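Here is the structure we will look at, set down as structure tokens.
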Amino acid sequence: MAILALHGGAGGDGPWRGMTALDPQRLACMERILHDLGPRLEAGEINALEAVTLAVESMEDEPLYNAGRGSVLAADERVYMDASIMQGSDQAAGSVVNVESTRHPIRAAHLLLKEGWPVMLNAAAADAFAEKNGLEQVDLDWLKTDLRQAQWAKWHNEKSRPGSTDEDDEAVLDHDLGEAEGMGTVGAVALDSSGNLAAATSTGGMTGKPIGRIGDTPIIGAGTWCDPSVAVSCTGVGEAFIRTCAAHEVAVQLRNDSGNLAKACDTVLEMVKPMGGRGGIIAISRSGEVALPFQTMLMYRGLWRAGRITTGIGNEEYSSKPTTLGQNTGLP
Ligand code: ASP
């Protein structure tokens with residue numbers, strides 16, 4: 001049995017109002033990834049760790065997601081990206097914080113995981129590590145998109161408080177800035193045919209974040225967690241996910257709650273809520289249970305399991321066979 005689940009960020013309040021003009025592109029990106037990687041994972045051609053890395057790399061390249069190219073802009077209109085990755089078998093982990101020029105932050109995190117020490121590198125040192133190891137470096141202009149620039153301008157004009165935090169009702173998850181610009185942090189969790197689990201998460205953070213801010217995404221146990229029993233990737237207002245050790249807490253709840261993954265994830269989202277945290281979680285357990293809950297208006301998500309691809313945005317779901325990519329998805 002092999003399973004791959006993805007998220008493309010969560011956000012928004014109230015009922016989902018249906019797809020925006022840009023949403024089919026987001027779903028198509030997920031479908032492509034699941035279509036490509038699902039069968040390779042099932043066949044044992046790639047393991048769980050490689051699958052989550054490749055999946056997140058592809059989403060980092062999709063400008064409509066808030067990771068890699070197309071990351072949201074911080075208060076100073078620059079891009080600072082965070083990413084982390086973890087594998088279940090030995091809890092090896094890697095993380096980069098506030099990188100500015102590495103095209104694929106998740107691959108830099110993966111390299112750190114492989115090297116084994118240190119687990120985390122920050123800013124210029126993380127970019128230098130990536131470059132030294134042959135990872136492509138890109139300019140700020142390449143990372144920035146017109147859409148993100150417009151989104152930043154909207155934040156700048158309408159939200160007078162730069163650096164919104166979870167304590168602030170006006171916290172700026174990137175979906176909250178208007179449906180047309182709605183897009184997000186990316187993550188992947190996988191179970192491979194040898195029973196190994198892995199989790200990865202990558203983000204540009206939150207629009208207008210203060211320089212130097214570190215969200216939950218690169219923090220092992222907050223935005224990403226993986227042990228022999230469960231793989232978890234979170235998205236949402238990072239500060240609340242940090243304060244609850246949200247991703248790790250899923251593993252704790254799973255242990256305490258006799259293995260009900262859906263319940264464990266729901267409990268963690270409830271813990272995050274009083275701290276102003278809104279968002280979603282994707283998780284896979286060792287036994288192959290999958291949970292993709294969110295407490296926001298939407299969470300872009302996709303799942304490959306037993307040869308079938310399912311994607312969703314709001315509470316609806318679309319199904320397609322991997323062999324009929326782009327057809328039979330219920331998409332307009
Ligand atoms: N968790 C991310 C952060 O706080 C944002 C997101 O998931 O949308 O940086």
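List of remarks:
- Dividing the mean sequence gap of close Cα pairs (under 8 Å, 6+ apart) by how many residues the chain holds gives a relative contact order of 25 percent.
- Dipole check for the chain: with +1 at the C-beta of Lys and Arg, -1 at the C-beta of Asp and Glu, and the Cα centre as origin, the magnitude is about 420 Debye.
- Positive-end residue, the chain charge dipole about Cα centroid, Cβ charges, pick of L269, T310, V72: T310
- For E270 and K154, the difference between the fully extended length at 0.36 nm per residue and the C-alpha to C-alpha distance is 38.7 nm.
- Normalised per residue, the volume of the convex hull around the Cα set of the chain (Å³): 113 Å³
- The range 22-154, relative contact order in percent, only Cα pairs under 8 angstrom and at least six apart counted: 21 percent
- The fewest-to-most ranking of T235, T296 by surrounding Cβ atoms within 10 Å reads T296, T235.
- Candidates M19, S258, N133 compared by Cα position along the dipole of the chain: farthest toward the positive end lies S258, with charges placed on Cβ.
- The count of lysine pairs in the chain with alpha-carbon distances below 18 Å, taking only pairs 8 or more places apart or on different chains, stands at 6.
- Most mobile listed residue (G280, G18, G204) in the chain, GNM with C-alpha springs under 10 Å: G18
Read the figures in this text as sums done on the coordinates, not as results from a lab. The model shown is predicted, which means the values in this text are computed figures rather than measured ones. Positions of Cβ are generated from backbone atoms using ideal geometry, with glycine treated the same way; all protein chains shown enter the neighbour counts.
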